[in-house]
Amino acid sequence: MKTIIRNLLSVLRRFKMATLLNVLGLSIAFAAFMVIMMQVDYDRNFDKFHKEANRIYRLEMKWGDDDGLQAVLSRPLADAFFNFSPHIVAGALTYPMYSQTVFLADVGTGERVSYMEPNLPVYSSFADVFTFDMLDGSAKALEDPEKILIPASMAQKIFGTEFAVGRHMKAADTQGRFSGMFTIAEIDYTVGGVYRDFPVNGILQNAVYLKIDDKEGLHDWGNSSYNAYLLLDSPASAENLVSEFLDYYKKNDLEKNMWGNKTANFQLTPLPELHYVTDVAFDMAPKTSRQTLLVLIAIACVIILIAGINFTNFSTALTPMRIRSINTQKVLGSSDSTLRFSLLMEAVGISFIAFILALVAVYLAADTPLKALVGADLSLTAHPVLISVTGVLAILLGVLAGLYPAYYITSFSPALVLKGSFGLSPKGRLLRNVLISVQFIASFALIIGAMFMYMQNNYMRTSSLGYDKDEIIVTDLTAKVMKNKDSFKNRLKSFSGIEDVTAAGFQLSGQDQYSTWGRELNGKHIQYQCLPVDPSFLQVLGIPVNEGRDFRPEDALTAEGVYVFNESARKAYDIQLGDKIYGAEIVGFCPDIKAASFRMEVTPMAFYVPGTSRNEQSTFGYIRVGAGTDKLAAMEHVKKVLSEIQSDYPFDVRFFDDVLNNLYEKETNLGALITLFSLIAVFISMVGVFGLVVFDSQYRRKEIGVRKVLGSTTSQILIMFNKTYIRILAVCFVLAAPAAYYAVNKWLENFAYKTPVYWWVFALSFALIFFITILTVTFQNWRTANENPVYSIKDN
């Protein structure tokens, strides 16, 4: 043990730069590996924390054979499914989206404090399907329409250390129901139970849960606005359940209740699979893809592989400088096995030190912007198994990376070494070139992928959406604001820079899907996304009308309202000006704007000004600011007016660009992560190049000295060294480019509208790695190339 410690301290003292770079590369690799695998673990275990996760399914349906699946269905249809089979232990109905509600809570000081909290109405059987770990009270509180369940974090925030059960919370204003236009009257609730916060990797938020109204949509077969979840007696029951229900569906003639008398079909999706499903409409569950997980796992493995290669190359690179010391110990009686074990433990020690530093780095990363890029909890205590596995991996990597150098350094004859004459195996040199080539191939592929991710994200943000999104401020609206609609608009326009104000029942470009209506037109059934708006909406957003006319204020005074359809709807259904849908006239056609994200193709859509027969309210305001106006001042004016109308509501006032940023947050974060880890891989690769150059320059010092004596210049010697790496780079790029091209094309398939795969991105990645490599090689060899040849020849 003393020998191991002495050798380790000797290495740290004699080869400070090499050891520092080695430890730095390894620690960064271990830290990156842990962060990536934390994210993979987050996604892989999504929703698996429920006790019966393998028996929970979501019911999905589709109209006919040609239509796609949808995650929403009507309440009577869900009830029919829940009750038809004894294999269904419990069924739960809920909305696809959480609402944001202002709750006025009695905090025990004689005053009520307002809190904006998410909430979700559910069936009382919701807690029979999903796992609520109750800390106080009972989940049976969901059977009482006047009681609610709240998470422990909310109870702590609102009521502190006092008991929350039995306390009162009044729902003052609710916004954001699935339709986008939903408000409720003020209702007093009593806290009936406090549950332990759900893990973040699940579809259930830590929100207020309350009982859904007993009569809401009870017999409305045409209102497909609900998610339905089932708890089965066994996963095996799911296999035949759909076909059995279809028989029940036909036997009981349920088809007559369906929209357009269409034949419905169904599908059951296991709860843990919802995180990966991407082909179901109106599916609001958080998403990733197994392709993404495989990419992240591959990157983690590549980074560890690169670090291991570097460790091996660095250890081997020190051979010319350590071989005399090692073989002196052999002359003095140390056996090969003792020396090899000592060198092996030295490598393990360095690797383990790097692992400890990696733990510190991950611990510190939990309070950095990196936390915002990953959904996973970065705290070390949340991942004991992963930390242990990484520790074992560090030891194993130390063993594997130390074996070859340990055997190699001790393989020379002491007599030859002490005379100063030893050779290096051509096979060993070939092995090191192959290892460094693996690093270059990985670096090329990662850099190319990161560049195209950035380009796609930039393409989605900067491409034309078909409307004027610049100079627009967006805010959410409440029922109280809309009751004072005219006053609200006039007070906003009192600011000289605000040109116009409009409202809508949705956040344009804020989501992938909107409320879809099924209607009958000219004897045939049509489906389209319906976006309710104020009459001034198209004008404020700069959306032109190709044919017909724009909305007028008097359109809101008609009984059924009026439509302006997009061109996709016009072509799909042969719609004509003047056609009427249930009494609502079609007055115009507009171009196909990008109302959803670039992930989705443009579908039939209509802007709709509701008539007097429809009780609908707008929930989002759009404020156009004139060019040259101080936008921040205009935003402050909007906030001031809103707070004067309703001071207890936390309005979310933002620029339209922030809406797009939120829409593409997932792609942005993934792109940033890939870019970060690509740069880490490149850095570690350059550390490996540095180690290999150290090896070559030390081994070839005598050759360099002879060349200098014979008249070679410094530049000629540097070119000689660089030519080797240029050849390696060229071969690696030829191998990496096709693989990167294939991977990029597969990733871009996730988008309906995407950036072209430009050739110059590949050239740029080659130029980037080429420049960094040449700079590294030149920097390391500069001193050797300028050394006095007398010393290099004499020392060798």
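The values are calculated or read from the model by the stated rules, or taken from the named source; none is laboratory data. If you're wondering where the values come from, they're calculated on a predicted model, not measured in any experiment. For neighbour counting, all protein chains shown are included, and Cβ atoms are generated from backbone atoms with ideal geometry for every residue, glycine included.
Go through the residues of segment 475-486 one by one and say whether even a single one is modelled with pLDDT of 90 or more and of a type outside the set (F, W, Y).
So the first thing to find is which residues in segment 475-486 are modelled with pLDDT of 90 or more, and the list is 475.
Right, trim to of a type outside the set (F, W, Y) and you get 475.
Yes, segment 475-486 contains at least one residue that is modelled with pLDDT of 90 or more and of a type outside the set (F, W, Y).
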* Which one of these is out of contact with any Gly (no Cβ under 9 Å at 6 or more places or on another chain) and closer than 29 Å to P118 by Cα: E255, E216, E244? -> E216
* Kindly indicate which of A382, A366, A406, A358 is modelled with pLDDT of 80 or more and buried (at least 18 other Cβ atoms within 10 Å of the Cβ). => A358
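Yes or no, residue by residue, for (1) in contact with a Gly (Cβ under 7 Å, 6 or more places away or on another chain); (2) not hydrophobic (A, V, I, L, M, F, W, C):
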position: A31; (1), (2): no, no
position: F46; (1), (2): yes, no
position: H50; (1), (2): no, yes
position: L59; (1), (2): no, no
* Look through Y115, Y195 and report the one residue that is at pLDDT below 95 and of a type in the set (F, W, Y). => Y115
* Structure fact -> If you go through L477, L465, the only one that is among the hydrophobic types (A, V, I, L, M, F, W, C) and within 18 Å of A596 (Cβ to Cβ) is L465
* **Odd one out for M635, checked against (1) more than 30 Å from V113 (Cβ to Cβ); (2) of a type outside the set (G, A, S); (3) touching a residue at least 60 places away in the same chain (Cβ under 8 Å)** => (1)
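Name the single residue that is nearest to D283 (Cα to Cα) among those in segment 200-215 being in contact (Cβ under 8 Å) with a residue 24 or more places away in the chain and surrounded by fewer than 13 Cβ atoms within 10 Å (Cβ to Cβ). Can you show your working first?
First, pick out the residues of segment 200-215 that are in contact (Cβ under 8 Å) with a residue 24 or more places away in the chain: 200-214.
After this cut, where a residue has to be surrounded by fewer than 13 Cβ atoms within 10 Å (Cβ to Cβ) as well, the list is 213-214.
Details: D213: 23, D214: 24 Å.
Across segment 200-215, the extreme among qualifying residues is D213.
Tell me whether segment 505-513 contains one or more residues that are touching a residue at least 12 places away in the same chain (Cβ under 8 Å) and farther than 21 Å from V564 by Cβ. Please lay out each step first, then the result.
In the first step, residues of segment 505-513 are kept if they are touching a residue at least 12 places away in the same chain (Cβ under 8 Å); the result is 505-513.
When the remaining residues are screened for being farther than 21 Å from V564 by Cβ, the result is 512.
Within segment 505-513 (the criterion being touching a residue at least 12 places away in the same chain (Cβ under 8 Å) and farther than 21 Å from V564 by Cβ), the answer is yes, since at least one residue qualifies.
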* Asked: Can you find even one residue in segment 486-506 that is buried (at least 22 other Cβ atoms within 10 Å of the Cβ), within 37 Å of the chain's Cα centre (by Cα) and aromatic (F, W, Y)?
  -> no
* Asked: Can you pull out the residues in segment 725-765 that are farther than 30 Å from T462 by Cα and without any contact (Cβ under 8 Å) to a residue 24 or more places away in the chain?
  -> R727, A730, V734
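Condition first: within 30 Å of V731 (Cα to Cα) and either modelled with pLDDT of 85 or more or buried (at least 19 other Cβ atoms within 10 Å of the Cβ) (or both). Now tell me which residues in segment 410-433 satisfy that. Can you show your working first?
In the first step, residues of segment 410-433 are kept if they are within 30 Å of V731 (Cα to Cα); the result is 423-433.
Answer for segment 410-433, where residues must be within 30 Å of V731 (Cα to Cα) and either modelled with pLDDT of 85 or more or buried (at least 19 other Cβ atoms within 10 Å of the Cβ) (or both): just R432.
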* Please specify each residue of segment 251-306 satisfying the condition of being part of a helix (DSSP H, G or I), closer than 30 Å to Q439 by Cβ and of a type in the set (G, A, S). => A298, A300
* Asked: Which one is modelled with the highest pLDDT, of the residues in segment 654-700 that are crowded, with 18+ Cβ neighbours inside 10 Å and touching a strand residue (DSSP E or B) at 6+ places or on another chain (Cβ under 7 Å)?
  -> F655
